[in-house]
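Handing you this structure, nothing more for now.
The values are calculated or read from the model by the stated rules, or taken from the named source; none is laboratory data. Remember, predicted model here, so these are calculated numbers, not experimental data. All Cβ positions, even for glycine, are placed from backbone atoms using ideal geometry, and neighbour counts span all protein chains on display.
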2 protein chains.
Amino acid sequence: MPPPIWLMRQAGRYLPEYRRVRERAGGFLDLCYDPALAAEVTLQPITRFGFDAAILFSDILIVPHALGCDVRFDEGHGPRLEPVRERADIERLSDGIGDRAAPIFETVARVADALPSDTALIGFAGAPWTVATYMVEGGTSRDFAATKLWAFNDPDGFQRLIDKLVAATGDYLIAQVAAGAEVLQLFDSWAGALPESGFERWCIAPTRALVKRLKTACPEVPIIGFPRGAGPMMTRYAAATGVDAVSLDSAVSAAWAVDALQAQWTLQGNLDPLYLVAGGRAMTEAATAVLDTLGHGPMIFNLGHGVVPQTPPEHVAALVETVRGWRPAGASR
Amino acid sequence: MPPPIWLMRQAGRYLPEYRRVRERAGGFLDLCYDPALAAEVTLQPITRFGFDAAILFSDILIVPHALGCDVRFDEGHGPRLEPVRERADIERLSDGIGDRAAPIFETVARVADALPSDTALIGFAGAPWTVATYMVEGGTSRDFAATKLWAFNDPDGFQRLIDKLVAATGDYLIAQVAAGAEVLQLFDSWAGALPESGFERWCIAPTRALVKRLKTACPEVPIIGFPRGAGPMMTRYAAATGVDAVSLDSAVSAAWAVDALQAQWTLQGNLDPLYLVAGGRAMTEAATAVLDTLGHGPMIFNLGHGVVPQTPPEHVAALVETVRGWRPAGASR
C-alpha cells in the first residue's frame with residue numbers, strides 16, 4: 001500500500017482558487033479569523049487533489065496574537081510583531097488565549113463537518129521555541145541573536161515566556177481537538193538554530209511538557225513533531241518528547257532516519273519542495289527515492305518544508321499520482 | 001592538553017583595529033586585494049589573542065570574481081553577483097582564475113613570513129556548491145530556488161558550473177599552499193540546503209574531486225571540511241570526500257559527532273557564536289561543555305559559525321583563557 005499523503009502549506013498562494021479567496025478576505029490575519037473563508041481554503045486542496053489529510057488553514061502566530069501581541073502581515077514582508085524582550089514585556093501579555101482564538105476553532109468545526117470521513121483533519125501550532133523567536137525578534141531572523149542572548153543571559157526570564165507559550169499552546173490545541181482535529185502537528189521551524197544544550201532546554205523540554213498535557217487531555221490524538229534542522233538530535237527529540245511521529249526536513253538523510261527512528265516512530269517527509277516546482281522526471285525520481293527509502297515502514301508522504309508559491313498545481317497532481325501508484329518492492333527491509 | 005583554538009571570522013568587524021584598517025582600505029574587496037592591509041588584518045587576532053592558527057583574510061567569492069563574475073559588496077547588504085543562470089552564462093566566464101587572485105597569494109606569503117612559527121596558517125575557499133549558489137542566486141538566498149531548479153531540471157548544465165568551480169578552486173588553493181598556507185578549509189556553508197540525493201552529487205562529489213586534486217598536489221596539507229547544516233549526512237561526507245577534519249556547526253550534537261566521526265576524523269567546533277556575545281558564565285559553561293564532549297579525542301576548538309560583529313573582544317580573550325585552562329578529566333572516554 002502507498003503511504004498517506006498531504007503537504008505542508010497545501011492550501012496557499014500556488015492555488016488560483018486560494019488567491020481568489022485571499023482577495024475577498026482582505027489581510028492574511030482576516031482570512032485566518034474568518035471561519036467560512038478559512039474553512040473554504042482548508043478544503044480547496046482536498047477537493048482538487050484528494051489528499052489524505054486536511055490541515056487547518058491558520059498560522060503559528062495566532063497564539064502570540066491571542067496573547068495580546070501586536071502581529072501584522074504586511075504584503076511582501078514576513079510577519080512583524082511587537083517585540084517581547086524582557087520580563088516586563090511578558091507581564092503585559094494576557095494570562096491565556098481567552099476568546100480571541102474562537103474563530104479558529106469554528107474553522108476546525110466547519111472543516112470537520114465538511115471533510116470526507118476518510119480524510120484526516122490535522123490541527124497545529126508552533127512549538128514554544130519557534131513562536132518565542134518570532135516574539136523576541138519581532139519577526140523572522142537569520143541569527144536569532146536577540147532570542148539566544150536572552151536565553152543565554154537570563155534563562156529564568158526567558159523560561160517565563162516559554163512557560164507561557166506551553167500553557168497557551170496547550171489550551172489552543174486542546175480546543176482544536178474539541179472542535180474536531182484528529183491529529184496535531186507541532187512546528188518547531190527554528191529548532192535547528194539551537195546549539196545542543198539549548199536544544200534540550202528550549203526545544204525538547206517545552207515540547208515534552210506540551211505533549212504530556214495533550215496526551216492527558218486527548219490520549220487518542222497522534223502528535224507529529226517537526227523539529228526542523230535538528231539533524232541527529234532528532235533521535236533525542238523523538239525519544240524525549242513523546243511525539244508519535246517525526247516530520248523530517250529535506251536536509252535529513254531519509255536512510256539515516258529509517259535506521260535511527262522508524263522502528264518506533266512514524267516518519268513524515270521529506271521531498272524537497274523545489275522538486276514540486278521542477279516537476280517532470282526530476283520530481284518523480286526524487287519522490288520515488290523518498291518512497292523507496294521511507295515507505296517500507298510507517299510513513300506519511302510529505303515535503304521537507306512548505307509548498308512554495310511558484311509551484312504549478314499540475315505538478316502537485318502528478319506527485320499525488322506518483323505516490324498513489326507506488327508499491328513497496330518485494331519483501332526487502 | 002587543551003586543544004588548539006582559532007575562530008571562524010576571527011579577523012573582522014568586532015575588532016576596533018580591523019574597523020580602522022577597513023576605513024583606510026575603501027571597499028571590502030579592495031581590502032581583500034590589498035596584500036599589505038589584508039595581511040595586517042589577518043594578523044590582528046593573532047597579536048591580540050594568540051590564537052593557534054591564523055586564517056587568511058579573504059572571501060569565498062574571490063573565485064567567481066577571479067573567473068570574471070561581477071561581484072559587489074555594498075555596505076549594509078550581502079554580496080551581489082551578476083547571476084549565472086544558464087549554460088551560456090558559464091561560457092562567458094574565464095577559463096581559469098588567471099592572475100586576478102595574485103594579490104591573495106601575496107597576502108598568504110606576507111602572513112607566512114610574519115607569523116610565529118608555532119602558529120598555523122590556514123588557507124580557504126568556498127566549496128563548489130556553496131559558491132555556485134551565490135553565482136546562480138546573484139547573492140545570498142533563503143530557499144536557493146534558482147540554484148536548485150537549475151540543478152534539478154538541467155543537472156548536466158549545472159554540472160558544468162560545478163566542474164568549472166572544482167578546477168578553479170583547486171588552482172586557487174594549490175596556489176595558496178605554494179604561497180605558504182599549511183592547512184586548508186573548505187566552507188560549504190549551504191550544504192544543509194541540499195536534499196539527500198543532491199547532497200551526494202553537489203556537495204560530496206565536487207568536494208571529493210577537489211580533495212583528490214589537493215591530496216595529489218600537496219599531500220602533506222590537512223584539509224578541514226565544513227558542510228554546514230549537513231546533520232547526519234556528515235558521516236557520509238567525511239567518509240566519501242577524503243577530508244582530514246570535519247568542522248561542526250552549532251546545531252550538530254557534539255556527542256553524536258564523537259560517536260559517529262571522532263575515531264577517524266579530527267573534529268572542529270562548535271560553540272554557538274552568540275555565546276561569545278553573551279560572555280560571562282553562560283559562555284564559560286557552554287565552552288566547557290564543548291570541550292568536555294569533543295576534547296577527549298582529536299579536536300580543534302572553534303565556533304559553529306563565524307564571530308558576529310557585536311561580539312565584545314574581551315569575551316574572546318576570556319574564551320581563549322577558558323580553552324587554555326581546560327584539562328581532560330581523568331581517563332574517561
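For every residue, the table says whether it meets (1) free of Cβ contacts under 8 Å to residues at least 60 places away in the same chain; (2) over 21 Å from A:Asp70 (Cβ atoms); (3) small (Gly, Ala, Ser); (4) more than 10 Å from every other protein chain (Cβ to nearest Cβ).
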position	(1), (2), (3), (4)
A:Phe152	yes, yes, no, no
A:Ala167	no, no, yes, yes
A:Gly170	yes, yes, yes, yes
A:Ile174	yes, yes, no, yes
A:Ala179	no, yes, yes, yes
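Related question: Check the range B:92-105 and report whether any residue there is touching a residue at least 40 places away in the same chain (Cβ under 8 Å) and of a type in the set (D, E, K, R).
Scanning the range B:92-105 turns up no residue that is touching a residue at least 40 places away in the same chain (Cβ under 8 Å) and of a type in the set (D, E, K, R).
For A:Tyr237, work out the one condition from (1) within 11 Å of chain B (Cβ to nearest Cβ); (2) closer than 25 Å to A:Thr322 by Cα; (3) in contact (Cβ under 8 Å) with a residue 40 or more places away in the chain it doesn't fulfil.
(2)
Condition check: in a loop (DSSP other than H, G, I, E, B), modelled with pLDDT under 95 and of a type in the set (Ser, Thr, Tyr). Does B:Ser141 satisfy that? Even if it seems obvious, please write down each step before you answer.
Numbers: in a loop (DSSP other than H, G, I, E, B): yes; modelled with pLDDT under 95: yes; of a type in the set (Ser, Thr, Tyr): yes.
When the stated conditions are applied, B:Ser141 passes them.
Sticking with this structure for a sec: Would you mind telling me which numbered condition in (1) within 20 Å of the chain's Cα centre (by Cα); (2) surrounded by fewer than 24 Cβ atoms within 10 Å (Cβ to Cβ); (3) β-branched (Val, Ile, Thr) A:Thr241 fails?
(2)
Residues of the range B:1-27 being hydroxyl-bearing (Ser, Thr, Tyr) and assigned to a helix (DSSP H, G or I), which ones? Before you say what the answer is, go through the steps one by one.
Filtering the range B:1-27 for residues hydroxyl-bearing (Ser, Thr, Tyr) gives B:14, B:18.
The answer is B:Tyr18, and nothing else.
Could you tell me whether the range A:28-48 includes any residue that is within 25 Å of A:Leu274 (Cβ to Cβ), of a type outside the set (A, V, I, L, M, F, W, C), under 17 Å from the mean Cα position of the chain (by Cα) and part of a loop (DSSP other than H, G, I, E, B)?
Keep residues of the range A:28-48 that are within 25 Å of A:Leu274 (Cβ to Cβ), which gives A:28, A:41-42, A:44-46, A:48.
Adding the requirement that they be of a type outside the set (A, V, I, L, M, F, W, C) leaves A:42, A:44-45, A:48.
Next, only the ones that are under 17 Å from the mean Cα position of the chain (by Cα) stay: A:42, A:45.
Okay, now just the ones that are also part of a loop (DSSP other than H, G, I, E, B), so none.
Checked the range A:28-48: no residue is within 25 Å of A:Leu274 (Cβ to Cβ), of a type outside the set (A, V, I, L, M, F, W, C), under 17 Å from the mean Cα position of the chain (by Cα) and part of a loop (DSSP other than H, G, I, E, B).
Please enumerate the residues belonging to the range A:291-307 that are touching a Phe, Trp or Tyr at 6+ places or on another chain (Cβ under 7 Å) and not in a strand (DSSP E or B).
Result: A:Leu291, A:Gly295, A:Val307.
For A:Ala255, state whether it is under 20 Å from A:Arg327 (Cβ atoms) and over 16 Å from the mean Cα position of the chain (by Cα). Let's see the steps before the verdict.
Values: under 20 Å from A:Arg327 (Cβ atoms): yes; over 16 Å from the mean Cα position of the chain (by Cα): yes.
Against the criterion (under 20 Å from A:Arg327 (Cβ atoms) and over 16 Å from the mean Cα position of the chain (by Cα)), A:Ala255 qualifies.
Can I ask one more? With respect to the numbered conditions (1) within 14 Å of chain A (Cβ to nearest Cβ); (2) at negative phi; (3) out of contact with any strand residue (DSSP E or B) (no Cβ under 9 Å at 6 or more places or on another chain), which one is the sole condition not fulfilled by B:Glu137?
(3)
Separate question: Can you find even one residue in the range B:291-298 that is over 27 Å from B:Pro16 (Cβ atoms) and loosely packed, with under 15 Cβ neighbours inside 10 Å? Step through it out loud before you land on a result.
Step one: filter the range B:291-298 for residues over 27 Å from B:Pro16 (Cβ atoms), giving B:291-298.
With the extra rule that they be loosely packed, with under 15 Cβ neighbours inside 10 Å, the set shrinks to none.
No.
To continue, here is another question. What do you reckon, is B:Arg110 more than 30 Å from B:Val316 (Cα to Cα), touching a residue at least 40 places away in the same chain (Cβ under 8 Å) and either under 20 Å from the mean Cα position of the chain (by Cα) or surrounded by 18 or more Cβ atoms within 10 Å (Cβ to Cβ) (or both)? Give the steps one after another, and end with the answer.
Details: more than 30 Å from B:Val316 (Cα to Cα): no; touching a residue at least 40 places away in the same chain (Cβ under 8 Å): yes; either under 20 Å from the mean Cα position of the chain (by Cα) or surrounded by 18 or more Cβ atoms within 10 Å (Cβ to Cβ) (or both): yes.
Against the criterion (more than 30 Å from B:Val316 (Cα to Cα), touching a residue at least 40 places away in the same chain (Cβ under 8 Å) and either under 20 Å from the mean Cα position of the chain (by Cα) or surrounded by 18 or more Cβ atoms within 10 Å (Cβ to Cβ) (or both)), B:Arg110 does not qualify.
Something else: Restricting attention to the range A:144-170, which residues are surrounded by fewer than 20 Cβ atoms within 10 Å (Cβ to Cβ) and part of a loop (DSSP other than H, G, I, E, B)?
A:Asp154
Let me ask something else. Listed residues B:Leu61, B:Leu81; which is touching a Pro at 6+ places or on another chain (Cβ under 8 Å) and either closer than 24 Å to B:Ala230 by Cα or of a type in the set (Lys, Arg) (or both)? Working first, answer last.
Details: B:Leu81 fails: either closer than 24 Å to B:Ala230 by Cα or of a type in the set (Lys, Arg) (or both).
Among B:Leu61, B:Leu81, only B:Leu61 is touching a Pro at 6+ places or on another chain (Cβ under 8 Å) and either closer than 24 Å to B:Ala230 by Cα or of a type in the set (Lys, Arg) (or both).
Identify the residue in the range B:273-290 that is facing chain A (nearest Cβ under 10 Å) and of a type outside the set (A, V, I, L, M, F, W, C) and, among all such residues, is surrounded by the fewest Cβ atoms within 10 Å (Cβ to Cβ).
B:Arg281
Given the conditions (1) without any contact (Cβ under 8 Å) to a residue 12 or more places away in the chain; (2) over 24 Å from A:Ala230 (Cα atoms), and given that B:Pro195 satisfies all but one, which numbered condition is not satisfied?
Among (1) without any contact (Cβ under 8 Å) to a residue 12 or more places away in the chain; (2) over 24 Å from A:Ala230 (Cα atoms), the lone unmet condition for B:Pro195 is (2).
State all residues of the range A:258-272 that are buried (at least 23 other Cβ atoms within 10 Å of the Cβ) and at the interface with chain B (Cβ under 8 Å from one of its Cβ atoms); if no residue qualifies, say none. Show your work before the answer.
Filtering the range A:258-272 for residues buried (at least 23 other Cβ atoms within 10 Å of the Cβ) gives A:267-272.
Residues satisfying the conditions are A:Asn270, A:Leu271, A:Asp272.
Can I ask one more? Does A:Leu248 count as touching a residue at least 60 places away in the same chain (Cβ under 8 Å), within 12 Å of chain B (Cβ to nearest Cβ) and either buried (at least 17 other Cβ atoms within 10 Å of the Cβ) or over 18 Å from the mean Cα position of the chain (by Cα) (or both)? Let's see the steps before the verdict.
Details: touching a residue at least 60 places away in the same chain (Cβ under 8 Å): no; within 12 Å of chain B (Cβ to nearest Cβ): yes; either buried (at least 17 other Cβ atoms within 10 Å of the Cβ) or over 18 Å from the mean Cα position of the chain (by Cα) (or both): yes.
No, not satisfied.
Tell me whether the range A:171-178 contains one or more residues that are over 20 Å from the mean Cα position of the chain (by Cα), part of a helix (DSSP H, G or I) and surrounded by fewer than 21 Cβ atoms within 10 Å (Cβ to Cβ). Give the derivation first.
So in the range A:171-178, the residues over 20 Å from the mean Cα position of the chain (by Cα) come out as none.
Within the range A:171-178, not a single residue is over 20 Å from the mean Cα position of the chain (by Cα), part of a helix (DSSP H, G or I) and surrounded by fewer than 21 Cβ atoms within 10 Å (Cβ to Cβ).
Additional query: Would you point out which residue out of B:Val243, B:Val258 is more than 24 Å from B:Leu165 (Cα to Cα), at pLDDT 95 or above and aliphatic (A, V, I, L, M)?
Details: B:Val243 fails: more than 24 Å from B:Leu165 (Cα to Cα).
Selected residue: B:Val258, the only one of B:Val243, B:Val258 that is more than 24 Å from B:Leu165 (Cα to Cα), at pLDDT 95 or above and aliphatic (A, V, I, L, M).
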